[in-house]
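Q: Here's a structure for you.
Values in this text are rule-based calculations from the coordinates and carry no lab data. Note that the structure is predicted; figures quoted are calculated from it, not measured. As a convention, Cβ positions derive from the backbone with ideal geometry for all residues, glycine included, and neighbour counts pool all protein chains shown.
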Amino acid sequence: MPALLFRLSLRSAACVAALALPPAPALAQRTGENAVTSAEDAFGTVVGRESIGIYSEYGVRGFSPAVAGNIRLEGLYIDAQGAITSRISDGETVRVGPAAQGYAFPAPTGIADLTLRPGGTRFVASPFVSIDGLGSRGIELDVQLPVSASLGVAAGAGLVRDAFQGGVSDRRWNVGLVPRWHVSDTVELTAFYTREQTGDQRAQPIYIPLGDVPVGRVERQRYLGPGFAAADFATEAYGLLGRAALGAWTVRAGAFRTSATAGESYANLVLVDPDTVTTNREVDVSPPSRSDSWSGEARVSRLFADGPRQHLVTIAMRGRDNVSVYGDSVSVDLGTAGLRDVIAAAKPALAFGASTRDVTRQATAGLSYGLNWTGVGQTTIGMQRTAYTKDVTLPDVGRIRGTDYRWLPSISTAVPVARGLSAYASYVRGLEDSGVAPSYAANANQLLPAIPTEQADAGLKLTLPLRTSVILGYYRIAKPYIALDAADIYRVLGAETHSGIEASVTTSPRQGLRVVFGGFFSRPRVEADATTAQAIGTRPVNQPARSLRLSANYTLPFARKVSVDGSIGNDSAVAANVANTVSVPGQTVLRLGARYQFALAGKPVTLRITGSNLTNVYRLRPVGSNVYSPNMQRNVGLYLTTDL
């Protein structure tokens, strides 16, 4: 699609006011955040700082909506460069299975739909302080400020020190602002701004065995050096959304700017010789990089009422313009050392080569028709036409340009089968991002081209009393298989399919008790490309065949200010390398917590304690083919918050 049309699509997204529904009621304030009691299914729910479910924006049915570019902000497309901070985000819903039914333009691997914080109708200030056993600590403040009867503002700031596995830590601050203006009963405008700055983030040790053998046990909270491998980076996002209801017409639009900026970044590699239990230490240093994106979407819908039938026609235009600059890394040899030895080395003089400039433009037009027939069912049929262009200027090579034009159909249907029982099915094709080559790859930080994807699913949903919902479904997803090849190049090696059964059960069997259970049994498979001259097994790296999650929250009947909660998660063994000659055993992880909610000077206060990985399960996770990182050890966290 010509560049002029792409620019016009962004301008239209910025100028059209958006879906005019009445403003949604504000959720509970920060003291009332509870993902377990808020969840309507087990597929993925985020409420403020808490999250539960078998899926998230980083993993749905074995793939990542965030990497694929399937993030939505209040239903509108955004090309997010980095995470949207909790200063402006109030929660997240993973739209997969029944939650995706009736969605005008779905996407394979699901959609992670974020909501912005409400402005509120009264002044509320929510200070928050936290600490944990690893050394993390933070202080945050979120405010809801009603400026007038029609204008409300949510704002916040935070200063945090994070501590992670591998003995690494960072310093982080963030700010956010969300003004909401209810222009009239049918028109609303929302703006937002957020920035997060992270400094002195040490590079976590990454363990790579020399040969296809397991790595020995490592010390999870020991930083192996060197001291200079500490990075600084920042993310920023701002934009404008609008929604308007004009009789039978509905208009929604949004225009967004997001960016991610990094100084020198580091891959802290520990190359393990299993025979001598010695290591070669190496730090790969990448030059400063930046990624900036304009994106947006405009939708116009018309509702036609016809007795028991409602017809909804939606026309949409979305687009993005992403410019990224990055360069090849330089390797620093730190010599040999024991597996637990700390390396102290001064930073050498570094000379980087010329940078690569990567420009990605995509424009998509879509038409959707939805039929909702009372007592009969609901069907949504959509067709999108997307134009994708990648323009890369490489040092010593020159300009390389590629284009891709595709039709992307989708169809979903849900029909009642019996009282409280419905069946659903859907099919969708997509053209999705494949992310960035990881820091340990020879082509680290390289943006990868878009890939064709498709997904089909079907299932049953049963609704019962006591807020009980049961979902049982089947899914199949097909994508290209991307992993490290024998030369450590992160690229397409074949085709990958995930098919399986997923289930969700949510219920409140008695007063004060909420239970959320979910899981999937999957059959992830790889078919090697005929041109790939290396051994490739049938299982993709780090994809479990089984994953189960059980969460519960119980308010004590004899002490109603106190509630206890917990979760237990079980994952099966996974392949640890492309050849499938090494695997990592499964794990079962336990988390417990408690809340004490009380009033102080008439204001609600919440004191919360959580204990994660309480049995201190040890596991080296394969983060790539033959590349490992340790899991988090046992940790206890505490926070205190109030709504003033």
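Q: Does anything in the stretch 463-498 have its amide N under 15 Å from the 7 Å Cα→Cβ label point of Ala530, and if so which residues?
A: Only 494-495 pass the distance filter.
Q: Given points 7 Å out from each Cα along the Cα-Cβ axis, report the Ser572 to Val397 separation in nanometres with one decimal.
A: Taking the simple label geometry, Ser572 and Val397 are separated by 3.9 nm.
Q: On the first, second and third principal axes, largest extent first, how far apart are the outermost C-alpha atoms of the stretch 236-378 in Å?
A: The Cα atoms of the stretch 236-378 stretch 78, 36, 20 Å along the principal axes, largest first.
Q: How long are the semi-axes of the ellipsoid equivalent to the chain, from square roots of 5 times the Cα gyration tensor eigenvalues, in whole Å, largest first? Provide the component values of the computation, followed by the final result.
A: Numbers: eigenvalues 283, 190, 144 Å².
Semi-axis lengths for the chain are 38, 31, 27 Å.
Q: Between the stretch 163-195 and the stretch 32-61, how far is it from one alpha carbon centroid to the other, in angstrom?
A: Each part's Cα centre sits 19 Å from the other's.
Q: I need the P(r) histogram for the stretch 156-219: all alpha carbon pairs, bin width 5 Å from 0 out to the longest distance, whole percents.
A: Reading upward from the zero bin: 4, 13, 13, 11, 11, 9, 9, 8, 7, 6, 4, 3, 2, 0.
Q: What distance in nm separates the simple spin-label points at Thr186 and Leu462, each placed 7 Å from Cα in the Cβ direction?
A: In this crude label model, Thr186 to Leu462 measures out at 4.4 nm.
Q: Follow-up. How far is the Cα center of the stretch 283-326 from the Cα center of the stretch 403-447, in Å?
A: 14
Q: Then there is this: Bin all alpha-carbon pair distances of the stretch 291-371 at 10 Å intervals from 0 and give each bin's fraction as a whole percent.
A: In order of increasing distance, the bins hold 13, 21, 17, 15, 13, 11, 8, 3 percent.
Q: For the pair Arg122 and Ala157, what calculated FRET efficiency results from E = 1/(1 + (r/R0)^6), where r is the Cβ-Cβ distance and R0 = 25 Å, to the nearest 0.05?
A: Working: r = 21 Å, r/R0 = 0.82.
FRET efficiency, Ala157 to Arg122: 0.75.
Q: Cβ under 15 Å from Gly637's Cβ, Gly637 left aside: what net charge do those residues give with Lys, Arg +1 and Asp, Glu -1? Walk me through the numbers before you get to the answer.
A: Working: positive: Arg49, Arg137, Arg161, Arg591, Arg595, Arg608, Arg634; negative: Glu33, Glu50, Asp132, Glu140, Asp162, Asp565.
Once all neighbours under 15 Å are counted, the net charge is +1.
Q: Give me Rg over Rh for the stretch 480-558, both radii from the alpha carbons and Rh done the Kirkwood way, two decimal places.
A: My calculation of the ratio gives 1.29.
Q: Follow-up. Please give the length that would be gained between Val147 and Leu271 if that part of the chain were fully extended, namely 0.36 nm times their separation in residues minus their C-alpha to C-alpha distance (nm, one decimal).
A: On the way: separation 124, 0.36 × 124 = 44.64 nm, distance 5.78 nm.
This chain segment gains 38.9 nm when fully extended.
Q: Report the full-extension gain for the segment Arg357 to Asn631: residue separation times 0.36 nm, less the Cα-Cα distance, to one decimal in nm.
A: Answer, rounded to one decimal: 95.1 nm.
Q: Restricting the calculation to Cα positions, tell me the Rg (one decimal) and the Dmax (whole number) of the stretch 359-437 in Å.
A: Cα-based Rg and Dmax for the stretch 359-437 come out at 19.5, 67 Å.
Q: For Val342 and Leu638, what is the calculated FRET efficiency with R₀ set at 25 Å and r taken between the beta-carbons, to the nearest 0.05?
A: It comes out at approximately 0.25.
Q: Would you compute the Debye intensity of the stretch 575-625 from its alpha-carbon atoms alone, equal scatterers and no solvent, and pass along log10 I(q)/I(0) at q = 0.22, 0.32 Å⁻¹ to two decimals?
A: The calculated log intensity ratios at q = 0.22, 0.32 Å⁻¹ are -0.85, -1.13.
Q: Please report, to two decimal places, log10 I(q)/I(0) for the stretch 52-150 at q = 0.15, 0.21, 0.25 Å⁻¹ as given by the Debye formula with identical point scatterers on the Cα atoms and no solvent.
A: Result of the Debye calculation: -0.77, -1.05, -1.21.
Q: Let's test the formula: R0 of 35 Å, r as the Cβ-Cβ distance of Arg171 and Ser583. What FRET efficiency results, to the nearest 0.05?
A: 0.40
Q: Semi-axes of the equivalent ellipsoid of the stretch 96-165: what are they in whole Å, largest first, if each equals the square root of 5 times a C-alpha gyration tensor eigenvalue?
A: Ellipsoid half-lengths, sorted descending, are 30, 26, 8 Å.
Q: Here's another thing I want to ask about it. For the stretch 334-491, take N as its residue count and report Rg(C-alpha) divided by 2.2 N^0.38 Å.
A: For the stretch 334-491, the normalised Cα radius of gyration comes out at 1.61.
Q: Specify, per residue and in Å³, the volume enclosed by the convex hull of the alpha carbon atoms belonging to the stretch 184-225. Walk me through the intermediate numbers first.
A: Values: hull volume 9.0 nm³, N = 42.
Roughly 214 Å³ of hull volume per residue.
Q: What does a probe at Asp200 reach in the stretch 266-309, counting residues whose amide N is under 18 Å from the point 7 Å along Cα→Cβ?
A: 266
Q: Turning to a different aspect of this structure: Considering the Cα positions of the stretch 201-256, please state its Rg to one decimal place and its Dmax as a whole number of Å.
A: In order Rg, Dmax, the Cα atoms of the stretch 201-256 give 24.5, 67 Å.
Q: Separate question: Starting with the highest mean, order 55-66, 126-137, 447-458 by the number of other Cβ atoms within 10 Å, averaged over the residues of each peptide.
A: Numbers: 55-66: 22.5, 126-137: 16.6, 447-458: 19.0.
With the highest mean Cβ count within 10 Å placed first, the list reads 55-66, 447-458, 126-137.
Q: Run the Debye formula on the Cα coordinates of the stretch 383-423, all scatterers equal and no solvent, and tell me log10 I(q)/I(0) at q = 0.21, 0.27 1/Å.
A: For the stretch 383-423, the Cα-only Debye profile gives -0.76, -0.89.
Q: Using only the Cα atoms of the stretch 415-497, what semi-axes does the equivalent ellipsoid have when each is the square root of 5 times a gyration tensor eigenvalue? Give whole Å, largest first.
A: Taking √(5λ) for each eigenvalue gives 40, 14, 10 Å, largest first.
Q: What are the principal axis extents of the Cα atoms in the stretch 171-277, in Å, biggest first?
A: 75, 29, 21
Q: Here is a further query. Roughly how compact is the stretch 110-151, stated as its Cα Rg over 2.2 N^0.38 Å to two decimals?
A: Ratio of Rg to 2.2 N^0.38 Å for the stretch 110-151: 1.69.
Q: With just the Cα atoms defining each centre, how far is the stretch 538-565 from the stretch 63-91? Give it in Å.
A: Using only Cα atoms, the two centres lie 24 Å from each other.
Q: In addition: Got a sec to turn the phi values of the stretch 396-408 into Karplus ³J(HN,Hα) couplings, 6.51 cos²θ - 1.76 cosθ + 1.60 with θ = phi - 60°, whole Hz, x for Gly and Pro?
A: Residue by residue, the stretch 396-408 yields 6, 10, x, 8, 10, 10, x, 10, 8, 10, 9, 8, 10 Hz.
Q: Applying a 10 Å radius around every beta-carbon, put 68-78, 159-169 in order of their mean neighbour count, most first.
A: 68-78, 159-169
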